[in-house]
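One structure is given below, encoded as structure tokens.
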Amino acid sequence: MINKNELIWENEFLKVFFIEQKPKTKRYSVWNKSCDTKLGEIEWYPKWRKYCFIIGDLVFDNKCLSSLSDVLILENDKHRKNKGGENDKR
């Protein structure tokens with residue numbers, strides 16, 4: 001059994017802590033490692049029948065977060081190629 005507030009996962013940037021065992025699901029908190037700030041929670045989102053990352057009223061599933069990551073990679077690649085110049089085409 002996982003203890004409340006037990007660190008269950010971390011990488012260079014994030015820490016994830018167990019918060020609560022519900023009857024059928026679990027809830028976790030996600031923290032920024034460098035400034036020790038809570039970013040949001042991971043919990044079961046019944047409308048989508050899956051675990052999601054929740055920040056206030058905002059709900060993101062893994063596909064949404066992956067798509068956002070794809071956009072960031074694309075924009076960073078374009079920025080590096082243009083060296084941040086004003087000729088950045090969108």
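Computed from the coordinates by the stated procedures, all read-outs in this text should not be read as laboratory data. Not measured: the values here are computed from a predicted model.
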Per-region count, region 41-74, residues part of a loop (DSSP other than H, G, I, E, B) and over 12 Å from the mean Cα position of the chain (by Cα): 6
Subset of region 14-45 (residues that are farther than 21 Å from Val59 by Cα and among the hydrophobic types (A, V, I, L, M, F, W, C)): Cys35
